[in-house]
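All remarks here apply to the structure that follows.
Only the coordinates and a few stated rules stand behind these numbers; no lab work does. Note that the structure is a prediction, hence the values are computed from the model and not measured. Note that we place each Cβ from the backbone using ideal geometry, even for glycine, and neighbour counts take in every protein chain shown.
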Amino acid sequence: MANSVFLEPNANLPERVLRNTVTPRIFVAATRMDDGKTTTSVGLFAALQQRFPRIGYIKPVGQRFVEVEGAKIDEDTVLINDTYHPHTPLRAMSPIAVEPDFTRRYLSGGITHQLHDRVRAAFDESAWEKDFIIIEGTGHAGVGSVFDLSNATVAKLLRSKVIIVSRAGIGRPIDEISLNLALFEKQGVEVIGAVINKVVPEKMAMLKEYTTLGLAKLGLPLLGMIPLHTELYKPTVNQACVQIKGEFIAGVQHKRRRIARLGVGAISLRNAGRLFTPGTLIITPGDREDLIMMILNEDTKMAPRGHLAGVVLTDGILPHESVVELIRQRSIPFISTHADISTATTAIARMTVKTEVGDHDKIGLIQKLVQEHVQVDRIVDLIQQQDPAFERQLNLGM
């Protein structure tokens, strides 16, 4: 298998030692999936570039991956590589991809240090000739424990201090940070602070006051609060298409249009006018030819105000061939899916929106938010401060 992520047991192999212990590094952890690790990492990379000439990146353990030249590469690594071009081989920035049967194969006879060696070797290559390196975790602190590569274990292997990212709130983020902190501390890894993500702007001042007090009880500083920005969580038409296992029948060139709202076309033409607002994705059965013709006519009139995001035709039904031909002559994204109208609407409404390669508008916004709301200089200072207890713990474990 290309870029195999599993090494067969061989007890005679010596354990590899991490060679690069000099390059400044930070491990970006989180209290759970989709709390903002990648958002923070993308923003930090740009902010650190203003302070260090050469920034490196590695995501040692990835759960979502894509095929790149026969190798399984974590999708966040592909995003960082395409955005910042760190001049590091993709296989080094994404050394381990957790395939569906990975855990079963590991438990059947994996040798811990073989995976540890793979992570150390990849880090040494990723950090080569870099002035700073970002290490992105996966899931919460304990994810990967079953195959001896939890976030806490990886942070220890790579001799890195940690920041924890959590969602906004008062009680829940403090509780969850506390749980994650305990596992890092058990491994002797120093957590230097927390970043709170997705903060409603109107609640920023209030949450900052109480979060600072709550974190102080854990001995942690608040290193930033990133405001919730709706543009970051609007899916593209292409993301919606993938989510509902659809296919484009027209307008694929506009697949990056963002969806501001969903409009269900299960109403009469007399009331359908409410669907025609810029950024709306209209979801309708494929045999509603009357509504489809209205969409084609109204989208032209909408041009000065903005276009519809697109149209989803459900139930695996397409309109008459003459109508399909008209659709293909236009530039509106039309998607066909076998899902029914309820299933398609629910799937799109509940989808998790990830930042993708080519999302230049989102990436620019993320960079701005992190630069303005995260204490990057303080993070750098805390990383460079020597902590004898932290060093002693790590040295005992190497």
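Descriptive notes on the structure:
- Springs join every pair of Cα atoms under 10 Å in this Gaussian network model of the chain, and among Glu372, Glu176, Glu325 the largest mean-square fluctuation is at Glu325.
- Cβ-based exposure ranking for Arg159, Arg378, in which fewest neighbours within 10 Å come first: Arg378, Arg159
- Where the Cα pairs of the range 13-58 fall when distances are cut into 5 Å bins, in %: 5, 16, 23, 19, 15, 13, 7, 3, 0
- This model, with +1 at the C-beta of Lys and Arg and -1 at the C-beta of Asp and Glu, gives the chain a dipole about its Cα centre of some 680 debye.
- When the trypsin sites (Lys or Arg not before Pro) in the range 194-280 are filtered for DSSP coil states and for at most 13 other beta-carbon atoms within 10 Å of their beta-carbon, the remaining sites are Lys245.
- Among the listed pairs Lys234/Lys255; Lys72/Lys130; Lys72/Lys186; Lys156/Lys217; Lys130/Lys156; Lys156/Lys354, those whose Cα-Cα separation exceeds 22 Å are Lys72/Lys130; Lys72/Lys186; Lys156/Lys217; Lys156/Lys354.
- Counting only DSSP beta bridges whose two residues both lie in the chain, roughly 20 percent are antiparallel.
- Of the residues Tyr57, Ser160, Ser108, the one whose Cα sits farthest toward the positive end of the charge dipole of the chain, with +1 on the Cβ of Lys and Arg and -1 on the Cβ of Asp and Glu, is Ser160.
- Between helix 75-84 and the chain: long-axis angle, C-alpha atoms, 0 to 90°, nearest 10: 90
- Comparing Ile292, Gln243, Phe184 along the charge dipole axis of the chain, the residue lying farthest to the positive side is Phe184, per the Cβ-charge model.
- Each listed q (0.14, 0.17 Å⁻¹) maps to a log10 I(q)/I(0) for the range 237-349 from the Debye sum over equal C-alpha point scatterers, namely -0.46, -0.70.
- The range 237-349, relative contact order in percent, only Cα pairs under 8 angstrom and at least six apart counted: 37
- Dipole check for the range 237-349: with +1 at the C-beta of Lys and Arg, -1 at the C-beta of Asp and Glu, and the Cα centre as origin, the magnitude is about 640 Debye.
- Ordering Leu228, His87, Gly364 by the projection of their Cα atoms onto the charge dipole of the chain, which places +1 on the Cβ of Lys and Arg and -1 on the Cβ of Asp and Glu, puts Leu228 at the extreme positive end.
- Local charge for Pro95 was computed over the other residues whose Cβ lies under 13 Å away, with Lys and Arg +1 and Asp and Glu -1, and equals +1.
- Under a Gaussian network description of the chain, with springs only between Cα atoms under 10 Å, the residue in Ile170, Ile73, Ile196 that fluctuates furthest is Ile170.
- Debye log10 I(q)/I(0) at q = 0.11, 0.17, 0.22 Å⁻¹ for the range 109-220, Cα point scatterers: -0.42, -0.86, -1.17
- With neighbour counts taken as other beta-carbon atoms within 10 Å, the residues His338, His140 rank, fewest first, as His338, His140.
- Counting only Cβ charges, +1 for Lys and Arg and -1 for Asp and Glu, the dipole size of the range 187-251 around its Cα centre is about 100 debye.
- For the chain, built as a Gaussian network whose Cα springs stay under 10 Å, the top-fluctuating residue of Asn151, Asn81, Asn297: Asn297
- Counting only Cα atoms, the range 40-197 measures 45, 45, 25 Å along its principal axes, largest extent leading.
- For the range 217-272 versus the range 175-196, the inter-centroid distance based on Cα atoms is 32 Å.
- For the range 21-80 versus the range 88-111, the gap between their alpha-carbon centres in whole angstrom: 17
- Looking at the range 325-365, the trypsin sites (Lys or Arg not before Pro) that sit in a DSSP loop and have at most 11 other Cβ atoms within 10 Å of their own Cβ are Arg350.
- Cα point-scatterer Debye curve for the range 44-98, base-10 log of I(q)/I(0) at q = 0.18, 0.25, 0.27, 0.28 Å⁻¹: -0.55, -0.93, -1.04, -1.09
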